[in-house]
Amino acid sequence: MYYGWFDPTYILLIIGAGLCLLASARVRTTAAKYSKVRAASGMTGEQTALRILRAAGIQDVQVVPVQGSLTDHYDPSSRRVCLSEEVYNRSSITAVGIAAHECGHAIQHEENYAPLSIRTAIVPAANIGSQLAWPLFFIGIILSMRPLLTFGILLFSLAVLFQLVTLPVEFNASGRALKMLEGTGILSPDENKQVKSVLTAAALTYVAALASSVLQLLRMVILAGGRRRDD
Ligand SMILES: [Zn+2]
């Protein structure tokens with residue numbers, strides 16, 4: 001297959017990158033907008049997290065501050081809800097929403113929520129897959145070695161699978177967060193709608209990441225197919 005200097009499958013990469021950029025721009029503007037809106041209860045991210053965890057009957061999960069921006073996460077190995085400083089100390093809609101979302105992951109862990117367990121189990125394989133897939137694939141292209149092309153595609157599929165399993169985990173954590181915020185009365189119904197728009201924007205970044213990976217996988221399949229016709 002001869003394309004001259006232009007490989008048309010680059011279009012797939014550009015579409016994927018565009019989707020990711022749009023999603024991350026949207027989450028940044030939404031989070032910034034509601035980080036200026038103070039929750040009426042005045043509860044900080046830390047207080048929100050503690051209240052939700054206790055309401056869920058979880059006593060042994062710690063809530064700790066971590067450095068950086070958008071570094072919020074739940075660490076299942078140390079059983080800690082780690083909140084960035086602007087979430088930990090602030091009582092904005094964004095801070096409360098993110099704190100509640102991370103607690104959603106802690107509750108998933110407590111309940112052995114299946115997609116979370118699957119996701120944790122495939123992390124090592126997915127990491128290897130995403131690092132080695134393209135290098136092996138390109139060596140396969142250069143050397144015209146079909147088994148390497150197939151192996152590269154299989155490895156990359158592991159990374160795609162990881163991103164696919166991430167979707168239910170993230171959407172479910174946000175669903176739990178909204179339910180807990182409503183149930184505990186931390187936020188008013190109107191405030192809950194605002195939190196929902198922040199969490200939905202955040203979840204869409206995972207959808208965009210998956211779409212971008214699926215497009216990359218498609219590109220590999222097209223390139224491998226073209227290579228096959230060359231032989
Ligand atoms: Zn999450």
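The table for this structure:
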quantity	calculated
Matching residues, segment 124-145, being surrounded by 13 or more Cβ atoms within 10 Å (Cβ to Cβ) and more than 24 Å from the chain's Cα centre (by Cα)	136, 137, 138, 139, 140, 141, 145
Residue count, segment 67-89 (criterion: in contact with a Ser or Thr (Cβ under 6 Å, 6 or more places away or on another chain) and modelled with pLDDT of 95 or more)	3
Given (1) within 16 Å of the ligand (Cβ to nearest atom); (2) surrounded by fewer than 19 Cβ atoms within 10 Å (Cβ to Cβ), index of the condition residue 150 fails	(1)
Residue, nearest to the ligand (Cβ to nearest atom), within segment 73-123, restricted to residues that are surrounded by fewer than 16 Cβ atoms within 10 Å (Cβ to Cβ) and polar (S, T, N, Q)	120
Filter result (among the hydroxyl-bearing types (Ser, Thr, Tyr) and part of a helix (DSSP H, G or I)) within segment 11-55	24, 29, 30, 34, 35, 48
Residue within segment 203-211 that is more than 16 Å from the ligand (Cβ to nearest atom) and under 23 Å from residue 119 (Cβ atoms) present	yes
Options 191, 182; residue that is crowded, with 19+ Cβ neighbours inside 10 Å and of a type in the set (Asp, Glu)	191
Members of segment 59-72 found to be β-branched (Val, Ile, Thr) and surrounded by fewer than 15 Cβ atoms within 10 Å (Cβ to Cβ), listed by number	64, 71
Residues (of a type in the set (S, T, N, Q) and closer than 14 Å to residue 204 by Cβ) located in segment 16-42	24, 29, 30
Criterion violated by residue 185 - all others in (1) away from the ligand (no atom under 16 Å from the Cβ); (2) assigned to a helix (DSSP H, G or I) satisfied	(2)
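The values are calculated or read from the model by the stated rules, or taken from the named source; none is laboratory data. Remember, predicted model here, so these are calculated numbers, not experimental data. Please note: Cβ atoms are built from the backbone with ideal geometry, for glycine as well, and neighbour counts cover all protein chains shown.
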